[in-house]
Amino acid sequence: MNKLEKEEVVEQIKELINNSSAMFLVDYRGVNVADINKLRSNFRKDGVTYKVLKNTLFKKALEQIGGFEKFNDLLVGMIGVAFAGENFVAPAKIIKKYNDESQKLTFKGCYLNGVFYGAEQLETLASMPTKEEIIAGIIGSVNAPASGIVGAINAVFRDLVSVIDEISKREAA
């Protein structure tokens, strides 16, 4: 790869970084090609881009952007990077699931909205709710009071009908 090609790759990496809400670093040593393809497919379903990058070029892109110094010491060995868009929890869930099944994919760390999380925090990251789950929870919370009000109004009408029915039965007798 000549210097011009390397510069182009660095620019492409910078674009991926700038368009991502999170970057997850994994060591894929020992993972076979079929499993890598399965991982890529799982990532793609959730809008995550997974790339195997040359460490020196990835490091150069990170240095040019700035703010990702904690990745420097982790860029050793066979590194893959999952770039997340809106669904920043998806990579953690996929990595954890695969790691639980095979013990081959090693999570090294991630940057989530500019904050670094180390390898020991994968469990916490994977247990975070997705954007869709948060929205569903908010909608459920908003609907709960409304359905409670509807239930209370229905109960009042039911009671009113019962009272009217009882009065009409007494007057008829």
- Task: Considering the convex hull of the alpha carbon atoms of the range 3-128, report its projected area averaged over all viewing directions, in nm², one decimal.
- Result: 7.2
- Query: Do the alpha carbons of any pairs in Lys14/Lys96; Lys3/Lys96; Lys3/Lys45; Lys3/Lys38; Lys3/Lys104; Lys3/Lys97 sit beyond 31 Å of each other, and which pairs?
  - Reply: Lys3/Lys96; Lys3/Lys45; Lys3/Lys38; Lys3/Lys104; Lys3/Lys97
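FYI, it's all coordinate maths here, none of it is from the lab. Computed from a prediction, not measured in an experiment: that's the story for all the values here.
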